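The block underneath contains the structure these notes are about, expressed in structure tokens.
None of the figures in this text is laboratory data; all of them are computed from the coordinates on show. What you see is a predicted model; the values in this text were computed from it and never measured. Quick reminder, even Gly has a Cβ in these numbers, built from the backbone with ideal geometry, and neighbours come from all protein chains shown.
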Amino acid sequence: MKLGSTLRAKAPAFRGGEGVVEFEGSGPAHVGEVMASLDITHDEVNLIYRNHRLVTSTALVEDGDRLGLFPPNFIHFSQFYLKRDEE
């Protein structure tokens, strides 16, 4: 998982904003559940990437997926020409 900019303060154990989030359970979790486990609210996130593709907080995250969360003050080139997947 990668946290951008101001979101890095939510996971001080991550190095350079990157770390691993582990879930106990019987299946995949939603991005929103991962965010909640780090005490990150929807208002704090503008861009959500799963495996380098834009997704919403309802997208499923499975073992081995790469997740990136970026706050509204983070500007990324993809904001100008990509649309979020509705998963």
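General remarks:
- A straight chain from L38 to K10 at 0.36 nm per residue would run longer than the Cα-Cα distance by 9.5 nm.
- Placing a pseudo-label 7 Å from each Cα along the Cα-to-Cβ vector at S26 and N51 gives an inter-label distance of 2.4 nm.
- Spacing of the modelled spin labels on L60 and K2, each 7 Å from Cα toward Cβ, amounts to 2.5 nm.
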